[in-house]
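Q: Sharing a structure here in structure tokens format.
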Amino acid sequence: VNTTIDTLPTPCLILDQAKFQHNVTKMRTRIAQRGGTLRLHVKTNKSIDATRRIIADGAPERIMVSTLEEARYFAAHGLRDITYGVGIVDQKLEETARLIGTGVDLKLVLDSAHMARRLGQRGRELGVTFKAYVEIDTDGHRAGLQPQDAQLIEIGRILAGDRGSQLAGVITHAGGSYECRSIPQIRAMAEQERSRLVVAAEHLRAAGIACPQTSLGSTPTATFGESLAGITEVRAGVYVFQDLVMAGLEVCRIEDIALSVLATVIGHQTTRNWLITDGGWMALSRDRGTAQQAVDQGYGVVCDVDGRAYGDLVVTSANQEHGIVADRHGGAIDFERFPIGTQVRVLPNHACATAAQHDRYHVVEGRQVKAVWPRINHW
Ligand SMILES: Cc1ncc(COP(=O)(O)O)c(C=O)c1O
């Protein structure tokens, strides 16, 4: 690749190499300062090239995946320590057994006695030992058992008592941190995530069940949490790119966001003070994660081709292949600054969702495209 941004067909995905590297190093340093060990969640990047850079920076070779497609892809590229973070069901056990058979140390997640029993049974039938974490609900936002739920002991005994299964430990993800309103709130959420997970582990241990691993994490709690007492690993994924939701939470600055969608101005609506671009929701995603935050960023903040935010220009509305760009306060647009054909870059609300609309990253240093990194999607 030896080209510049202005030759790229739009819309397409741009990754600012320096910002990506900065984010990667910053989180690695932060987790190390806290005395923790990182497990990279690869659902954000879904790219072996990006993941190799993160490992080269010092992240351990251990990942969490959100789909079996990610598990297959990263395993095929040599990563062996993988946790599949979405509750397991019967239909996926043959595939997970096959991956274990190829030498992958694959850990699963469940929160029911039903699936714990099925794991043991199917493990024996398929000739593998399935390792599973029990998911703990530490913030009421999604799946998992309460830390002191009696079912936790029942599940622990089922997993430990069958040669087809094994208890890996307890796991939680404080996704509720995305709804926090201040850094002190995120810090409190991180301590709640930690302390409730430790309560669950102690609950199992008090019943005589070994609970080796305690795994937690989200980018906000990983960034602002303090103590990691009793915790064996911290998971995070979105930090590698950062996004407007993270900026709204003060996890990063707008200038730290490494990912953007390159789009072209295709028209002017002078009476309405709109620029029309070819970056619609197919390129940006329909994510409106900043809608509930103090600053609503529409479908994304508009920057110049070098990635500098104009300030008040946002994508206020998005059709499939059209983006409508306006001043967030309804101010006048200086159309002479944006001739038809002008390239702009749009920062994403949610990096995982925006990246998932694309099959490659154009990795840039300034306006120079240094590399193209393919990425995977789907299940
Ligand atoms: C189970 C689990 N762990 C970890 C993470 C990583 O969190 P973040 O995306 O905030 O980095 C996620 C993200 O959704 C998740 O679902």
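Computed from the coordinates by the stated procedures, all read-outs in this text should not be read as laboratory data. Quick caveat: nothing in here was measured; it's all calculated off a predicted structure. Please note: Cβ atoms are built from the backbone with ideal geometry, for glycine as well, and neighbour counts cover all protein chains shown.
Q: Is the range 119-260 rounded, prolate or oblate when judged by the Cα gyration tensor, a ≥ b ≥ c being the square roots of its eigenvalues, rounded requiring a/c under 1.5 and prolate requiring a/b larger than b/c? List each step's numbers first, then the result.
A: Working: a/c = 2.95, a/b = 1.91, b/c = 1.55.
Prolate.
Q: Here is a follow-up. List the lysines whose alpha-carbon lies under 24 Å from that of Lys92, not counting same-chain residues fewer than 8 positions away?
A: Lys92 reaches Lys43, Lys46, Lys107, Lys131.
Q: Starting from the Cα gyration tensor of the range 257-316, take the square roots of the eigenvalues, sort them a ≥ b ≥ c, and report rounded, prolate or oblate (rounded when a/c is under 1.5, otherwise prolate if a/b is larger than b/c, else oblate). Display every interim value, and only then the final one.
A: Details: a/c = 1.44, a/b = 1.27, b/c = 1.14.
Rounded, because the longest to shortest axis ratio a/c is under 1.5.
Q: To the nearest 20 debye, what charge dipole does the range 319-367 have about its Cα centre, counting +1 at the Cβ of each Lys and Arg and -1 at the Cβ of each Asp and Glu?
A: For the range 319-367, the charge dipole is close to 120 debye.
Q: Now, a different point. Using the beta-carbon distance between Thr271 and Val305 and R0 = 22 Å, what value does 1/(1 + (r/R0)^6) give for FRET efficiency, to the nearest 0.05?
A: Working: r = 27 Å, r/R0 = 1.21.
With R0 = 22 Å, the Cβ-Cβ based efficiency is 0.25.
Q: Starting from the Cα gyration tensor of the range 216-303, take the square roots of the eigenvalues, sort them a ≥ b ≥ c, and report rounded, prolate or oblate (rounded when a/c is under 1.5, otherwise prolate if a/b is larger than b/c, else oblate). Don't skip to the end; give the middle numbers.
A: Details: a/c = 3.39, a/b = 2.68, b/c = 1.26.
Since a/c reaches 1.5 and a/b is larger than b/c, the shape of the range 216-303 is classed as prolate.
Q: Using alpha carbons only, how many degrees (0 to 90, rounded to 10) separate the axis of helix 150-160 from the longest principal axis of the chain?
A: Its long axis makes an angle of about 70 degrees.
Q: Taking the chain as the reference, fit the longest principal axis to its C-alpha atoms, fit the long axis of helix 17-33 to the helix C-alpha atoms, and give the angle between the two in degrees, 0 to 90, nearest 10.
A: So the helix axis and the longest Cα principal axis differ by about 30 degrees.
Q: Give the angle, between 0 and 90 degrees and rounded to the nearest 10, that separates the Cα long axis of helix 183-206 from the longest principal axis of the Cα atoms of the chain.
A: Tilt of helix 183-206: around 20 degrees.
Q: Could you tell me which of Ala143, Pro212, Leu275 has its Cα farthest along the dipole of the chain towards the positive end, charges placed at Cβ (Lys, Arg +1; Asp, Glu -1), taken about the Cα centre?
A: My answer, from the dipole projection, is Pro212.
Q: Next up: Taking only DSSP H segments of four or more residues, each worth -39500 (n - 2.57), what value at 222 nm results for the chain once the sum is divided by all its residues, to the nearest 500 deg cm²/dmol? Numbers along the way, then the final one.
A: Details: 11 runs with 113 residues, N = 379.
Result for the chain: -9000 deg cm²/dmol, rounded to the nearest 500.
Q: Counting Lys and Arg as +1 and Asp and Glu as -1, each charge on the Cβ, what is the dipole of the chain about the Cα centre in debye, to the nearest 20? Numbers along the way, then the final one.
A: Working: 42 positive and 42 negative charges, 186 e Å.
I would put it at about 900 debye.
Q: What whole-number value in cubic angstrom gives the convex hull volume per residue for the C-alpha atoms of the chain? Show your work: numbers first, answer last.
A: On the way: hull volume 47.0 nm³, N = 379.
Spelled out: Cα convex hull of the chain, divided by residues, is 124 Å³.
Q: Of Gly78, Leu68, Gln292, which is farthest along the charge dipole of the chain in the positive direction, counting Lys and Arg as +1 and Asp and Glu as -1 at C-beta?
A: Positive-end residue among those listed: Gly78.
Q: D for the range 1-103, whole µm²/s, Stokes-Einstein with Kirkwood Rh over alpha-carbon pairs at 10 °C and 1.306 mPa s: what number?
A: 102
Q: I've got another one for you. Can you pull the one-decimal nm distance between simple spin-label points at Ser317 and Val372, each 7 Å off the Cα toward Cβ?
A: 3.5
Q: Measure out, as a whole number of angstrom, how far apart the alpha-carbon centroids of the range 26-72 and the range 303-379 sit.
A: Cα centroid to Cα centroid, the span is 26 Å.
Q: Per residue, what volume in Å³ does the convex hull of the Cα atoms of the range 187-266 enclose? Walk me through the numbers on the way to the answer.
A: Details: hull volume 8.4 nm³, N = 80.
That works out to 105 Å³ per residue.
Q: For Ala294 and Ala207, FRET efficiency with R0 = 45 Å and r from the beta-carbon atoms, rounded to 0.05? It would help to have the intermediate numbers written out before the result.
A: Working: r = 45 Å, r/R0 = 0.99.
About 0.50, to the nearest 0.05.
Q: Give the relative contact order (percent, whole number) for the chain; include only Cα pairs under 8 Å separated by 6+ residues.
A: Numbers: 874 pairs, mean separation 76.3, N = 379.
Dividing the mean separation by the residue count of the chain yields 20 percent.
Q: May I pose another question? Work out the P(r) tail for the range 31-175: percent of alpha carbon pairs separated by more than 23 Å, whole number.
A: Working: 3854 of 10440 pairs.
Here the tail beyond 23 Å accounts for 37 percent of pairs.
Q: How big is the dipole moment of the range 184-309 about its Cα centre under a simple scheme where the beta carbon of each Lys and Arg is +1, that of each Asp and Glu is -1, and everything else is neutral? Debye, nearest 20, please. Don't jump to the answer; show the numbers that get you there.
A: Details: 10 positive and 14 negative charges, 62 e Å.
Dipole about the Cα centre, nearest 20: 300 debye.
Q: Given a cut-off of 17 Å, what percent of all Cα-Cα pairs of the range 101-149 lie beyond it? Write out the running numbers ahead of the final one.
A: Working: 501 of 1176 pairs.
Here the long-distance tail beyond 17 Å is 43 percent of all Cα pairs in the range 101-149.
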